[in-house]
Amino acid sequence: MPKYAARRARRVENHETRGVFSMSGDQRPPSQPSDNGGGPPSEQVKLQHISARVPENVSRGAFSTGMIVMTGGTEFILDFIQNIGHPPHVAARIILPHATMPQFIQALRTNLEMYIQRFGQPPELPKPQPGGKQPTAQEIYDELKMPDTLLSGAYANGVMIGHTAAEFKLDFLTNLFPHSAVSSRVFLSAPQVPRILDSLINTFQQFQQRLKQPPPPPESA
């Protein structure tokens, strides 16, 4: 591979956008123990300027006009939709571990508060008509186009969020030793963010409620 191509593939982007909020897990090397009293690996929310490697095929990102959240056995699936034009399609699919979702919600909430302090409340999107029949997940995905390259999604255990007056940029990260890298980049218009935040909160609250329910009794032989 030519040297200039290798440099481009290993490009490091410094996220110096004002309002960057980083949510990341513990990045100690595998051989270094975590000093947390023998508990699970710690995760933290940090407000800071950090850097992450951005692969060439990720750097341009994808613009989204909405999001669908689904709950799996060990993960949340975030499908960012673009419904400008026809047919609507999935622009990016993110796979978040269950433990990562509350940190992502807090990061997005904090960044939205920072946006409001600087630019004011974003314009409110029109609300769906009440009383309409809600389509099932199957009906929704029957209408969506999803490229084969997105079926497996992009894993992320961290996020960096930046904003301007008009849009938010979500850089989903793989915080793995020895370097953080951006696994997917999504752009959202500012008015979309409050609705997406509400959807994330509602989904996580429903997930927590299911965890409180007792498991079903074992089937008799």
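The values are calculated or read from the model by the stated rules, or taken from the named source; none is laboratory data. Not measured: the values here are computed from a predicted model. All Cβ positions, glycine included, derive from the backbone under ideal geometry; neighbour counts span all protein chains shown.
Just so you know, in the stretch 73-97 the residues that are under 19 Å from Gly158 (Cβ atoms) and surrounded by fewer than 16 Cβ atoms within 10 Å (Cβ to Cβ) include one that is nearest to the chain's Cα centre (by Cα), and it is Ile77. In the stretch 191-199, is there at least one residue being of a type in the set (Val, Ile, Thr) and loosely packed, with under 13 Cβ neighbours inside 10 Å? Looking for residues that are of a type in the set (Val, Ile, Thr) and loosely packed, with under 13 Cβ neighbours inside 10 Å, one finds none in the stretch 191-199, hence no.
When Leu125 is tested against (1) of a type outside the set (Phe, Trp, Tyr); (2) under 16 Å from the mean Cα position of the chain (by Cα); (3) surrounded by 10 or more Cβ atoms within 10 Å (Cβ to Cβ); (4) assigned to a loop (DSSP other than H, G, I, E, B), just one condition goes unmet, and that condition is (2). The set of residues in the stretch 111-120 being without any contact (Cβ under 8 Å) to a residue 60 or more places away in the chain and either assigned to a helix (DSSP H, G or I) or surrounded by 13 or more Cβ atoms within 10 Å (Cβ to Cβ) (or both) consists of Glu113, Ile116, Gln117.
State whether the residues of the stretch 205-221 include one that is of a type outside the set (A, V, I, L, M), crowded, with 18+ Cβ neighbours inside 10 Å, over 18 Å from Gln106 (Cα atoms) and at pLDDT 90 or above.
Just the residues of the stretch 205-221 that are of a type outside the set (A, V, I, L, M), to begin with: 205-210, 212-220.
Of the ones still in play, those that are also crowded, with 18+ Cβ neighbours inside 10 Å are none.
No, the stretch 205-221 has no match at all.
For Ile140, the conditions (1) crowded, with 17+ Cβ neighbours inside 10 Å; (2) within 21 Å of Asn202 (Cα to Cα); (3) not small (Gly, Ala, Ser) all hold with the exception of (1). Filtering the stretch 52-72 to residues that are of a type in the set (Val, Ile, Thr) and either part of a loop (DSSP other than H, G, I, E, B) or within 13 Å of the chain's Cα centre (by Cα) (or both) leaves Val54, Val58, Thr65, Ile68, Val69.
Residue count for the stretch 184-221 under the criterion of being assigned to a helix (DSSP H, G or I) and among the acidic types (Asp, Glu): the result is 1. Look at the stretch 121-145: where a residue is within 29 Å of Asn111 (Cα to Cα) and a partner is in a loop (DSSP other than H, G, I, E, B), sitting 6+ places away or on another chain with Cβ atoms under 6 Å, you get Pro122/Ala190; Pro122/Pro191; Pro123/Pro191; Leu125/Pro191. In the stretch 88-108, which residues are in contact with a helix residue (DSSP H, G or I) (Cβ under 6 Å, 6 or more places away or on another chain) and within 16 Å of Leu188 (Cβ to Cβ)? Residues satisfying the conditions are Val90, Arg93, Ile105, Leu108. Checking each residue in the stretch 153-183 for being surrounded by fewer than 18 Cβ atoms within 10 Å (Cβ to Cβ) and assigned to a loop (DSSP other than H, G, I, E, B) picks out Thr164, Ala165, Ala166, Phe177, Pro178.
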